[in-house]
Amino acid sequence: MLSIKNLHATIDGKEILRGINLDIKPGEVHAIMGPNGAGKSTLANVLTGRPGYEVTEGSVIFNGKELLELAPEERAGEGLFLSFQYPVEIPGLSTTNFVKTAVNEVRKYRGQEPLDAVAFLKLIKEKMALMEINQSLLSRSLNEGFSGGEKKRNEIFQMAMLEPKLAILDETDSGLDIDAIRVVSNGVNKIKSSENAVLAITHYQRLLDYIVPDFVHVLYNGKIVKSGPKELALELEEKGYDFIKAELGELQGA
Amino acid sequence: MDTPIFLKEQFEKLQAQETSELTGFRQQAFQNLEQYGIPTLKHEEWRYTRVNTLFNKDYEVNNNTGLTWEQLSDNRLPGYQDANELVFVNGVFNPSLSNLLSADLEVLPLNEAAAVYKNIVDTYLGHSADYLKDGINALSSAFVHGGVFIQVKRSKAVEHPVYIYNVAVATDVNVLAQPRSLVYLQQNAQLTITETNITLGSQQSFTNKVMEIVLEQDANLSYYLIQNDSTNASQVSTTHIRHIGTSYSKAVTVSLDGALVRNNLNIILEAPHCESHMYGLSLLSGTTHVDNHTIVDNRQPDCLSNELYKGLFDGNSTGVFNGKIFVQQIAQKTNAFQSNKNILLSDGASVNTKPQLEIFADNVKCSHGCTIGQLDEEALFYLQSRGITENSAKAMLLHGFAIDVLDNITNEAIKKYVDVIISKRLNFDLETI
Ligand SMILES: Nc1ncnc2c1ncn2[C@@H]1O[C@H](COP(=O)(O)OP(=O)(O)O)[C@@H](O)[C@H]1O
Ligand SMILES: [Mg+2]
């Protein structure tokens, strides 16, 4: 589904991603862990097409298409979704109106008819229940004055509405208490199927108790330096990232 | 600059023609006009607005025409069937075009009111001159003629909104129109006013409007000013609101089109615990110039004022925002908030913004802030990442920026009317939502 080959990217001429390789197949859950500043968000941003990054080398194939040549909205149409680490506040635009426009634009991209009012209402009710979100939150300006937990639930709510093929979750757990993590993870797990995939970026192992990964990758200094089964996350939690640094030091020393 | 000759001639003519309680008032104002002169860019309050250039030509001051509603039908405000409509033609109140539905709304020619309600008119007419010491305000007073007095009696809530149309008929000649009104809300009275300007014809029009409003205790006023006149139309719109008792006011100014537009909104808080909200939206293109000058004068303790002005400037349009807040020494525990946010949509557009706080009390909460920027890139990417095309995303963001102000218009018909105009201008599809 997604195939990243030797991806290099810079911001303001500074190289942040330094040769990423990653393959994700339908039905899989991948976790990317790594210390602050490793380049985790940069990877998510480059994949979704945020302006300001320059890809200097490598390629990304998503569903057989050159992902990096598509506009951000086309990537969404192809089925890519990013749950933002810091969701943006937008005054004067209600979440309902925003989501309705997004759903119908994505449907249009996919050659589907727009949802009529009745079908939309049914869909939104179902997803609201899933994410334990109430109507009053949806009528408010998008993310404006939302608590951290509300913002993240709203992100996963949007994911549920858009039904992406690949969802990237950038630190969706950070700043959330355990109840909120449970709601958010439950939402992700309900949407999960053998047809779609999840790339969960996180700092802590805790999220992975709820969203159980098939693979764990350690991103460090712009590269994936180690990959393994879900137990790797536990090892990282236990030993901290220093153990990776030490391991790398040994490798470099040898 | 010196008083133009045509104004002197017109003034002499008016004084000779119409003798009333207001003759002396006009004479005094004309002396002020001579003393102040028409302001040039050298005048501190007119630094960015070349109002003097409007006097490079002569105007007819009053040439009442046989206007009919058919000629105005394109510009009639929605919801008019349920509104009290007051029409000024070239600055003169026109009773035959006007249409009063509410028994609780008293409307009298100003010169009659000057006799019937002598006390009120003597006390309150012309108070704006204390705050606007310039030839433009004096010009209005020097030509007070054909004005109206609007009154709502104690505890009456006027259910039907008041729509005021300032019509300038500039079909054959340049027109100077000076509509003048004094609005008095007695204790616990309620009124909603929507005001708009319409210029007919392709000659130049200059509307110099002054509306002075007085609010007694527990009075409640909502005031909406919708400016969408043609590009040959200039106006100075002065709205002067005195809270003489603990009372509430809300003013929303929406500027969409015109040549040179200057708005003076003065809020004078003369009783404790008053509350005043002021909102503004400019959405401009072409060479339209809109200057919003606001004054909030806190003269008693415990008042709250909240001000939010936003601007979207495209083409070669220019905006000015000047927000003054005075807190007099006695006005402890004043809460005064002010915010001015602007987005420049083109290289040719510009805006000047200046907050001005003069605080003489020590226990007050005041805040002000202004921003001038482009569209928020983060927000744009956020919407695009959800599948919304760049153009729709931009339109949605700009519409959201504007609707934040329009949401304060509680007359739904008027809000919708403005929303349709701005959505069209921003290529925002209202049908999608
Ligand atoms: N807009 C930016 N401009 C310059 N440097 C940036 C920018 N965004 C991120 N960086 C730098 O790129 C590196 C990786 O950041 P990021 O991808 O956010 O890390 P992570 O998500 O793993 O914590 C950091 O060193 C950070 O300082
Ligand atoms: Mg990050």
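The values are calculated or read from the model by the stated rules, or taken from the named source; none is laboratory data. Everything numeric here is computed off the predicted structure, so don't read it as measured data. Note: ideal-geometry Cβ built from the backbone for every residue, glycine included; neighbour counts use all protein chains shown.
The set of residues in region B:105-130 being among the polar types (S, T, N, Q) and crowded, with 19+ Cβ neighbours inside 10 Å consists of B:N111, B:S128. Once region B:38-58 is narrowed to residues that are surrounded by 15 or more Cβ atoms within 10 Å (Cβ to Cβ) and in contact with a helix residue (DSSP H, G or I) (Cβ under 7 Å, 6 or more places away or on another chain), the residue that is nearest to B:Q227 (Cα to Cα) is B:V51.
Given the residues B:I421, B:I330, which is the only one that is within 24 Å of A:I90 (Cα to Cα) and β-branched (V, I, T)? Going through B:I421, B:I330 in turn, the sole match is B:I421.
Yes/no matrix, rows are residues, columns are (1) without any contact (Cβ under 8 Å) to a residue 12 or more places away in the chain; (2) at the interface with another protein chain (Cβ under 8 Å from one of its Cβ atoms); (3) over 21 Å from A:K192 (Cα atoms):
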| site | (1), (2), (3) |
| --- | --- |
| A:V60 | no, no, yes |
| A:L68 | no, no, yes |
| A:L93 | no, yes, yes |
| A:K100 | no, yes, yes |
| A:E105 | no, yes, yes |
| A:E113 | yes, no, yes |
| A:L121 | yes, no, yes |
| A:E126 | yes, no, no |
| A:L138 | no, no, yes |
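When region A:9-29 is examined, which residues are found to be within 17 Å of A:Y220 (Cβ to Cβ) and within 13 Å of ligand 1 (Cβ to nearest atom)? Scanning region A:9-29 gives A:A9, A:K14, A:E15, A:I16, A:L17, A:R18, A:I20. When B:G315 is tested against the conditions (1) at pLDDT below 95; (2) over 23 Å from the mean Cα position of the chain (by Cα); (3) away from chain A (no Cβ under 11 Å), the lone failure is (1). Out of A:E237, A:E195, one residue alone is within 17 Å of A:I168 (Cβ to Cβ) and among the acidic types (D, E). It is A:E195. If the condition is being more than 14 Å from chain A (Cβ to nearest Cβ), on the phi < 0 side of the Ramachandran plot and part of a loop (DSSP other than H, G, I, E, B), then region B:332-376 contributes B:Q332, B:T334, B:L345, B:S346, B:D347, B:G348, B:A349, B:F360, B:A361, B:D362, B:N363, B:V364. Taken together, B:V158, B:V87, B:V148 contain a single residue that is touching a Leu at 6+ places or on another chain (Cβ under 6 Å) and more than 24 Å from B:N264 (Cα to Cα), which is B:V158. Taking first residues from region B:377-392 that are facing chain A (nearest Cβ under 7 Å) and at positive phi and partners that are part of a helix (DSSP H, G or I) and not aliphatic (A, V, I, L, M), the Cβ contacts under 6 Å between residues at least 6 apart in sequence or on separate chains come to B:G387/A:E73; B:G387/A:G77; B:G387/A:E105.
Filtered by the rule that a residue be touching a helix residue (DSSP H, G or I) at 6+ places or on another chain (Cβ under 8 Å), among the aliphatic types (A, V, I, L, M) and within 13 Å of chain A (Cβ to nearest Cβ), region B:403-424 gives B:I403, B:L406, B:I422. Scanning region A:30-56 for residues being within 9 Å of ligand 1 (Cβ to nearest atom), more than 21 Å from A:T202 (Cα to Cα) and exposed (fewer than 15 other Cβ atoms within 10 Å of the Cβ) gives a total of 1. The C-beta contact set for region A:190-202 (first residue under 14 Å from A:L80 (Cα atoms), second residue within 16 Å of ligand 1 (Cβ to nearest atom) and part of a loop (DSSP other than H, G, I, E, B), distance under 9 angstrom, 6+ apart or interchain) comprises A:A200/A:T172; A:A200/A:D173.
Checking every residue in region B:63-82 against the condition of being in contact with a Phe, Trp or Tyr (Cβ under 7 Å, 6 or more places away or on another chain) and among the β-branched types (V, I, T) gives zero matches. Determine whether B:A114 is of a type in the set (G, A, S) and over 29 Å from B:N232 (Cα atoms). Criteria met by B:A114.
Residue count for region B:25-56 under the criterion of being closer than 16 Å to B:R262 by Cα and outside any helix (DSSP H, G or I): the result is 9.
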